[in-house]
Amino acid sequence: MDLRSDAVVLFGVTGDLVAKKLFPALYELTRRGRLDMPVIGVARSRWDHQQLITAARKSVLEANGRVDDEVFEALTRRLTMLSGDYADPATYRRLAEALSAAERPLFYLAIPPAVFTPVVDGLAAAGLAGRGRVVVEKPFGRDLASSYTLNEALRAAFAPERIFRIDHYLGKESVEGLRVFRFANRLFEPLWNAEHIANIQITLAEGFGTEGRAGFYDRMGATRDVLQNHMLQVVALLAMEPPAAAGDEAFRAEEVRVLRQVRPLSPETTVRGQYAGYRLEPGVAADSNTETFVATRLLVDSPRWAGMPFYLRTGKLMPGTATEVVVEFRAPERDLVAPAGGGERQPNLLRFRLGRNDGIALSLQTKEPGAEVASRTVELPIDFDAVLGHRREAYERLLDDALDGRHLRFAREEAIEQEWRIVEPILDLPEPVASYPRGSWGPAEAEALAGRWHAPTRR
Ligand code: BG6
């Protein structure tokens, strides 16, 4: 393994991502003795050291409900602040001075797309890129063409093995668990195809709105924000063929291969929605046509999946927060047992809960008690917290990996490009988005897209 980085530089330290995810991750790494290095926060806002510490404490408190003073003290001893303009070479000269003792700094770019290139160029001009690693957050561009441009800028400054592209879903234990579920169990693999599965649904629902980042969100929309990246990564894990060999390399290669087989999404089988009142939010254009909801049908052109639909939907201000995959199996070949009470026949469903309350549930038919032989649906639930205990958060795992130079859980450049190719036909559609009531499952048109959506069970 490569040598561990010996400093962390957080560009965009005053931003939303650092507050929500990165401070708590740094705190956990400190607790586990994995952060014995300086952490420099960089931002355009003029923050002093005390403001930085106050912000860090607030975010740890919000994430954990409590702060362990000893751990937090250890973290604050590492933290320093550097304010400066991203386009000003002096910012990078000061950074180079602050990093004079560091041989292998890790630069984490938690910054808006518009300042990506100036920061990368600034690091290169100051001679910092050559010895450092860089972590880039999404969005990786706005479309395929801009993702190429972004990659060129990155590769001009950093060697490919020093670039780490975050898709934090790849850092979730539950998402990584799909690989184990599929390839370490014999049980479902023979059924894992269009012959036995009717459809696969993926819902990434959020019970909240844009939460103070409406200005940013309005330039993104749901397709760019989560469908192009997180949801397509989940599709790849569900749809991929077994890798040619054990090990991470073969696994990643197979994941990219299946993405190449995904057909571009079609506007005809896509429904875009916007929650009522969105346009009144500060930072949102009064005539915004940005989707806060998108539902679509996806097809994979492989023998395994030929013609079988994957239905994807995601939205803000849905009836709850949950990320769930539902695999709907086909009905038994012959109709030999009727449902109790003359109800509708229920398919076997396999659910993967990938968000909070992660776990698996399998719905089966069992005999309804009584004189008649009729079926009733029961659930076999597995709650990962109960059976597996504590698991580390995605950002903590990813930061730890990047510090060690481990690539496994980072998105491959080609995967990201394939993801842009897949979503491109549904980006920036001119047709007006359909309005939907807050707290609903999106516009009525979306309901009709899948024959029947299975709502997440725990929200
Ligand atoms: C982020 C998006 O990448 O993923 C957010 O920018 C979204 O809008 C978040 O809320 C969802 O991640 P998680 O881990 O909470 O499901």
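The values are calculated or read from the model by the stated rules, or taken from the named source; none is laboratory data. Here the structure is a predicted model, which is why all the values come from computation and not from measurement. Neighbour counts run over all protein chains shown; Cβ positions are idealised from the backbone, glycine included.
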Check your understanding: Is there a residue being at negative phi, touching a Leu at 6+ places or on another chain (Cβ under 9 Å) and more than 16 Å from the ligand (Cβ to nearest atom) anywhere in the stretch 145-152?
Key -> no
Exercise for review: Report yes if some residue within the stretch 414-429 is among the basic types (Lys, Arg), over 24 Å from the mean Cα position of the chain (by Cα) and either loosely packed, with under 15 Cβ neighbours inside 10 Å or farther than 15 Å from Arg313 by Cβ (or both); otherwise report no.
Suggested key: no
Study note, to complete from the structure: If we ask which residues in the stretch 383-407 are acidic (Asp, Glu) and in contact with a helix residue (DSSP H, G or I) (Cβ under 9 Å, 6 or more places away or on another chain), their number turns out to be 4
Exercise for review: Would you be able to tell me the number of residues in the stretch 351-400 that are in contact with a Ser or Thr (Cβ under 6 Å, 6 or more places away or on another chain), under 14 Å from Thr457 (Cβ atoms) and not in a loop (DSSP other than H, G, I, E, B)?
Suggested key: 4
Study note, to complete from the structure: Scanning the stretch 393-413 for residues that are more than 16 Å from the ligand (Cβ to nearest atom) and under 16 Å from the mean Cα position of the chain (by Cα) gives Leu408, Arg412, Glu413
Revision key, fill the gap. Within the stretch 149-175, the residues that are part of a helix (DSSP H, G or I) and either among the basic types (Lys, Arg) or surrounded by fewer than 18 Cβ atoms within 10 Å (Cβ to Cβ) (or both) are Thr149, Glu152, Ala153, Arg155, Ala156, Pro160, Glu161, Arg162, Glu173
Exercise for review: Residue by residue through the stretch 193-213, note down the ones that are crowded, with 19+ Cβ neighbours inside 10 Å and either away from the ligand (no atom under 11 Å from the Cβ) or at pLDDT 95 or above (or both).
Suggested key: Ile197, Asn199, Ile200, Gln201, Ile202, Thr203, Leu204, Ala205, Glu206
Review point. List the pairs whose first member sits in the stretch 208-222 and is over 18 Å from Ser440 (Cβ atoms), whose second member is within 10 Å of the ligand (Cβ to nearest atom) and in a helix (DSSP H, G or I), and whose Cβ atoms are under 6 Å apart, counting only residues at least 6 apart or on separate chains?
Key: Arg213/Asp16
Exercise for review: Scan the stretch 220-270 for residues that are touching a strand residue (DSSP E or B) at 6+ places or on another chain (Cβ under 7 Å), away from the ligand (no atom under 16 Å from the Cβ) and within 23 Å of Arg353 (Cβ to Cβ) and jot them down.
Suggested key: Leu238, Ala239, Val258
Practice item. Kindly indicate whether any position in the stretch 377-389 is among the acidic types (Asp, Glu) and more than 26 Å from Arg179 (Cα to Cα). Key: no
Exercise for review: Find the residue count for the stretch 281-325, including only residues that are among the aromatic types (Phe, Trp, Tyr) and in contact with a Gly (Cβ under 8 Å, 6 or more places away or on another chain).
Suggested key: 1
Study note, to complete from the structure: Residue hits (the stretch 279-328; among the β-branched types (Val, Ile, Thr), closer than 11 Å to Asn199 by Cβ and over 19 Å from the mean Cα position of the chain (by Cα)) are Val327
Point to revise | Exclusive hit being in contact (Cβ under 8 Å) with a residue 60 or more places away in the chain and either within 16 Å of the ligand (Cβ to nearest atom) or closer than 14 Å to Pro113 by Cβ (or both), set Phe181, Phe188, Phe140 | key: Phe140
Practice item. Give the stretch 350-384 a look and list any residue that's among the small types (Gly, Ala, Ser) and more than 16 Å from the ligand (Cβ to nearest atom), or say none. Key: Ala361, Ser363, Gly370, Ala371, Ala374, Ser375
